[in-house]
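Colleague: Encoded as structure tokens, here's the structure I'll be asking about.
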Amino acid sequence: MEQQNKRAKRFFQSIRNSYKELECLKEQRNKLFSMLTSTSIKPKEVDVMTSGSGDKMSEVVPVMLELDEKINTQVGVIIKKQLEAENIIQQIDNMKYRETLRWYYVQNLRWDEVAKRMNYDISYIQRVNGQALAEAEKYCLEVK
């Protein structure tokens, strides 16, 4: 029974986790791009990237393209989860609950940003979040 009571929390947290995964992929891509375009690459970095071929561009570009594909896939995952979240959120009557869930989970804002937008202090917003998740639980049928 305890597992059922946490469906909403797990689902909404999975949206934030998806954003974290997206940021990680973007950072990987940006690091590769920086290494590719840097004039201060050390020979050992080039060797690792190129497996000794000497042509770092031809080796790094396919990896970057693969990362771009993963980034696009992750964006699709986030959009799907956002739509599922909106279906749940729209069923909640309390406006504060809806706003808290949207700002923190769907828009991936930090607690301080949510509190500022809603004109409340952080600890109050975090309490409201707990109540909002309890309310969302009624409409959260399954976590994918």
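No value in this document is a laboratory result; all are computed from the given coordinates. Keep in mind it's a predicted model, so treat the numbers as computed, not measured. Cβ atoms come from the backbone with ideal geometry, glycine included; neighbour counts cover every protein chain shown.
Colleague: Local charge sum around residue 92 (other residues, Cβ-Cβ under 12 Å, Lys/Arg +1, Asp/Glu -1)?
Modeller: Values: positive: 96, 98, 102, 138; negative: 86, 93, 99, 135, 137.
Charge balance in the 12 Å sphere: -1.
Colleague: On the principal axes of its Cα set, how long, how wide and how thick is region 4-137? Give whole Å, largest value first.
Modeller: Principal extents (Cα only, largest first): 62, 27, 21 Å.
Colleague: On to the next question. How many nm is it between the label spots at residue 83 and residue 137, if each spot is 7 Å from the Cα in line with the beta carbon?
Modeller: 2.9 nm
Colleague: Can you tell me the dipole magnitude for region 4-137 around its Cα centre, using point charges on the Cβ only (Lys, Arg +1; Asp, Glu -1), in Debye to the nearest 20?
Modeller: In debye, rounded to 20, region 4-137 gives about 420.
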